[in-house]
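Here is the structure we will look at, set down as structure tokens.
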Amino acid sequence: MPTNEQLYARAQRVIPGGVNSPVRAFRAVGGTPRFIQRAQGAYLVDAEGRRYIDYIGSWGPMILGHGHPAVLEAVAKAAADGLSFGAPTEREIELAEALIGHVPGLEQVRLVSSGTEAGMSALRLARGATGRSKIVKFEGCYHGHADALLVKAGSGLATFGHPTSAGVPAEVVKHTLVLEYNHLGQLEETFATQGGEIACVMIEPIAGNMNFVRASVPFMARLRELCTRHGALLVFDEVMTGFRVALGGAQSLYARQIPGFRPDMSVFGKVIGGGMPLAAFGGSRDVMSQLAPLGPVYQAGTLSGNPVATACGLATLKEIARPGFYEALSARTRALVGGLEEAAREAGVPLVGDSEGGMFGFFFAPALPQNYGAVMATDAARFNRFFHAMLDRGVYLAPAMYEAGFVSAAHGAEEIAATLHAAGEALRG
Ligand code: KE4
């Protein structure tokens, strides 16, 4: 049985960095990535047979836990009927109807294979539907690796962004404005000076790519008003929060506090595929009708709406729509975060956390950060020590202080208790 070290050395010979997605390489926390062999319920098992309580859940999709019997049965049956056709299927209609049924304001959706593809397509559609080029995003939010969205803040306000990746020409990002999350003043000034040129504002309503930072209700209410007033589309990137924080996504939470609140477009992924490659973007019929084959905005995909992925997603959505699912999941996640805060208090360590539904975050800091700069000012060294102390005790947290954590329906009181016991030891260490 090869060790993780041996597998990592072998992987690095044939795969850049030994991984197929950078965050898996443990570069932020150091150490050797765990090569996972199998998973069941709330647990992962690595190549050396070590078992971990899993708080990554494939970065969000595994909300039911690993190996849910109804999901596996649906996937096996769909696979036996055919892996891919490149032609429409009834299940794609069923999945679209399910998404539209759970998310008020969605009239039509298009299915794709990844969150990046969904975000990139939503961006192109917003530009095509408005005839405008400028877009606004927020520092610390991640919307997949499409060129125009790999941008960090410019030097001053309302200056255009700079690429965060080699290979992205400055011309590609020159229409991308990057503002500070939760900064009302910057929002006001940007719309006052450029509002009529903005195609869309794309935002993570709860920023899981900054670990866990909420857009404040006043900020979101004003963002909605400004987009409406200036004819810019408000695009909610709910790839992580969709069906994770609530059945109707984060937008359903804002709608409870801001009368009539709805984004103009939504992007989904992760949970809706249940672990298989499936994502979606949607909005009003009017906007979506701009898409090929009806309209001038081109978008396509060989495996879009894949019949096995739609079976996995539908089976997952059926389970999470059951009465009481989110109440139970939210209570479990709150117990985890509250227990972490209590263990830190007892150890005299500044730690603060937050959660919504099955998504959580915590920071080694005295108060919850409200933007990217504040997140990056939290104690990264202490996070990295804590990460490894927990991994050594069989608890697998996200290997980076700017990533969110995820609890599944398979995380029972036993898993939460074991996690908090390990945290108590790790924090005193
Ligand atoms: P994918 O292309 O990775 O399916 O989705 C991109 C994406 C879009 N929008 C949001 C809000 C996202 O969080 C993501 C992807 N999330 C990361 C975790 N921070 C996936 C993990 C990874 O990159 O390996």
Using a 1.4 angstrom probe, figure out how much accessible area the chain has per residue, in square angstrom, rounded to the nearest whole. 41
Antiparallel %, DSSP beta bridges [both residues in the chain], to 5: 60
Roughly speaking, to the nearest percent, how much of the chain's 1.4 Å accessible area is carbon and sulfur? 54
Count the lysine pairs in the chain that are 8 or more places apart or on different chains: how many have C-alpha atoms under 19 angstrom apart? 7
Equivalent ellipsoid, the chain (semi-axes from 5 times Cα gyration tensor eigenvalues, Å): 33, 27, 21
Quick one: grab the alpha carbon gyration tensor of region 69-320, order the square roots of its eigenvalues as a ≥ b ≥ c, and give me rounded if a/c is under 1.5, else prolate or oblate depending on whether a/b is larger than b/c. prolate
antiparallel share of DSSP beta bridges within region 173-294, to nearest 5, in %, is 40
Calculate how many DSSP beta bridges within region 69-320 are antiparallel, expressed in % of all such bridges and rounded to the nearest 5. 45
Can you tell me the length gained on complete extension of the stretch residue 379 to residue 256, counting 0.36 nm per residue apart and subtracting the Cα distance? 40.9 nm
Can you tell me how region 159-295 classifies by the Cα gyration tensor, rounded, prolate or oblate, using a/c under 1.5 as the rounded cut? rounded
Positive minus negative residues near residue 419 (Lys, Arg vs Asp, Glu; Cβ under 12 Å): -2
Prolate/oblate/rounded label for region 51-97 (Cα gyration tensor, a/c 1.5): prolate
Gain in length, residue 172 to residue 294, computed as 0.36 nm per residue apart minus the alpha-carbon separation, to one decimal in nm? 41.3 nm
Place a label point 7 angstrom from the Cα of residue 72 along the Cα-to-Cβ direction, then list the residues of region 17-41 whose backbone nitrogen is under 20 Å away. 36-41
Once R0 is set to 41 Å, what does the formula 1/(1 + (r/R0)^6) return for the Cβ-Cβ distance between residue 14 and residue 225, expressed as a FRET efficiency to the nearest 0.05? 0.20
Specify the inter-centroid distance of region 352-366 and region 275-347, based on alpha-carbon positions, in whole Å. 20
Residues whose built amide H sits under 5 Å from the amide H of residue 50, excluding neighbours closer than 5 in sequence, are none
Relative contact order (percent, whole number), the chain, Cα cutoff 8 Å, 6+ residue spacing: 22
Mind ordering 21-34, 97-110, 356-369, 70-83 by average Cβ neighbours within 10 Å, highest first? 356-369, 97-110, 21-34, 70-83
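The values are calculated or read from the model by the stated rules, or taken from the named source; none is laboratory data. In this text, all values refer to a predicted model and were calculated from it rather than measured experimentally. Neighbour counts run over all protein chains shown; Cβ positions are idealised from the backbone, glycine included. The protein model used for the area step is the full one, side chains on, heavy atoms only, and it has no ligands, DNA or RNA in it. Shrake-Rupley method; radii C 1.70, N 1.55, O 1.52, S 1.80 Å.
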